[in-house]
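The values are calculated or read from the model by the stated rules, or taken from the named source; none is laboratory data. Keep in mind that this is a model prediction, so the values were computed, not measured. Cβ coordinates were reconstructed from backbone atoms using ideal geometry, including for glycine residues, and neighbour counts include every protein chain displayed.
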Amino acid sequence: MRKLFIANRGEIAVRIARTAKEMGIATVVGVSEADVDSLAAHSADEHVVLGPAPALASYLNQDAVVAAALETGCDAVHPGYGFLSEKADFARKVAAAGLIWVGPSAEAIETMGNKAQAREAARRAGVPILKGTDGQLDPSANAVEAAREIGYPLVVKASAGGGGRGIRFIHDESELLPTIEMARGEAAAVFGDPAVYLERFVESARHVEVQVLGDGTRFVHLGDRDCSMQRRSQKMIEEAPAPELPDAVRETIRESSVELARQCGYTGAGTVEFLYDPVREEAAFIEMNTRIQVEHPVTEQITGVDLVREQLLIAYEGSMSLSQEQVTFNGHAIECRINAEDPDRNFFPSPGLIQHLRWPHGPGIRVDSGVEEGSTVTPYYDSMLAKLIVHAPDRASAVAGILEALEGTEISGVKTTIPLHSRLLSRPEFARVSHHSKFIETAPDLLETP
């Protein structure tokens, strides 16, 4: 691999470029017309314009991305996260063009992209799953009988869904059939596939996940993370390792995640996500993300493993650099996703010019940023500006450290979620790990400025 095309933008494009350069690999980043003067464009050795600002005309234009990679003499493509990273047809186009695809096979992406198929693959691998229908719900099946067998409350999920989309809750039998039909219609409109399945709903669940790596021959885990502090299924704060997990649960999700990767012949970085029920002390499979995650830095901080480097090694050498025995864990890390939004105005987007920017510095502090002073935050894309990460010897020290780091961060010109992060991290529920994935929605006082 001599020259890498980065098919993404923002902080992940900057992050990929940094590691590629450290490995002696030249970089090209594809940008939209709105991002020509972005930090990502400046971070790569070259940048090329893919198209106009709308993502459909640029970052999601598969033919334009492949053509740009070929025209700039690249021999590999890294999709980052989001955009085209979990598109099996794009992975095939990259390979068909004679380029190295930095990621798992198109077949693995397809299997895990279909939630019903992924659930069945997890079951075969011994990954704990929630009680639910076996595969997709047959339109001719007796849904009432199936739902009674599972028990209420339950959820109906789009088989092709993901990222918190394509999910509807059902509290009792009177809601069942109308909700299933509505979910099928939505799934067909949004995902192009009307298939759905039913699953038991866990109230007040935590969201935990396991980082895995595979090179087709060896498969390892790099520990677990907790991503329970969310708003409308969008993660806000992540930490590693997942706190207050029983040893048996931790061991089960780690080992079964590795087995799932092994059964898929997985190549690259992936994340197996679980719901954890603290009342029953049980974890159950949600989905597998076949890409690098936004929250990967907390895993890197506690293991010392550069996940992007491993992705690149697996893609062009066919093997990762470490075995399970070489993976060690040190301390605790917490990450805050800093978005250009106003949490006190229903998270209204806050585009504009960043007039002043100062990041904190000090031991254990890491900033993965997609902006710099003078950057323009446009309304076209995800509003995340950067990720602030703190690594410390233990969880309490990490919480204290990231609160201090948030206090030392200065951003003017746009509103940010920093004040909300400080409020969330200061809550007693976070300290005692009694928060859950719906915590923000159930604590409205969080969204009121003290």
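Of the residues that make up region 234-243, is at least one out of contact with any Ser or Thr (no Cβ under 9 Å at 6 or more places or on another chain), in contact (Cβ under 8 Å) with a residue 40 or more places away in the chain and farther than 22 Å from ALA386 by Cα? The answer is yes; a qualifying residue exists. At least 3 residues being under 16 Å from the mean Cα position of the chain (by Cα) and not aliphatic (A, V, I, L, M) is the threshold, and among the strands (runs of 3 or more DSSP E) wholly inside region 145-242 those reaching it are 206-215, 219-231, 234-240. Remark: VAL367 matches the filter, which requires a residue to be modelled with pLDDT of 95 or more, of a type in the set (Val, Ile, Thr) and part of a strand (DSSP E or B).
As for region 66-87, it holds at least one residue that is more than 29 Å from TYR380 (Cβ to Cβ) and at pLDDT 95 or above.
Restricting to region 56-105, give me the number of residues that are surrounded by fewer than 17 Cβ atoms within 10 Å (Cβ to Cβ) and on the phi > 0 side of the Ramachandran plot. The qualifying residues number 2. Just to be sure, is LEU446 modelled with pLDDT of 95 or more and in contact with a helix residue (DSSP H, G or I) (Cβ under 6 Å, 6 or more places away or on another chain)? No: the conditions fail for LEU446.
Of everything in region 323-357 that is within 30 Å of PRO241 (Cα to Cα) and in a loop (DSSP other than H, G, I, E, B), the residue that is modelled with the lowest pLDDT is PHE347.
In region 134-154, the qualifying residues are those that are touching a residue at least 60 places away in the same chain (Cβ under 8 Å) and in contact with a helix residue (DSSP H, G or I) (Cβ under 6 Å, 6 or more places away or on another chain), and the one that is nearest to GLN117 (Cα to Cα) is GLY135.
Cβ-Cβ distances below 7 Å connect the following pairs, each with a first residue in region 321-340 that is touching a residue at least 12 places away in the same chain (Cβ under 8 Å) and within 14 Å of LEU222 (Cα to Cα), a second residue that is small (Gly, Ala, Ser) and surrounded by 13 or more Cβ atoms within 10 Å (Cβ to Cβ), and a separation of six or more residues or different chains: PHE329/GLY223; GLY331/ALA392; HIS332/ALA392; HIS332/ALA398; ALA333/ALA240; ALA333/ALA398. Of the residues making up region 150-168, none is at pLDDT 95 or above, within 24 Å of GLU259 (Cα to Cα) and not β-branched (Val, Ile, Thr). Return the residue satisfying two criteria in turn: it lies in region 257-298 and is polar (S, T, N, Q) and assigned to a strand (DSSP E or B), and of such residues it is farthest from ALA91 (Cα to Cα). The selected residue is THR271.
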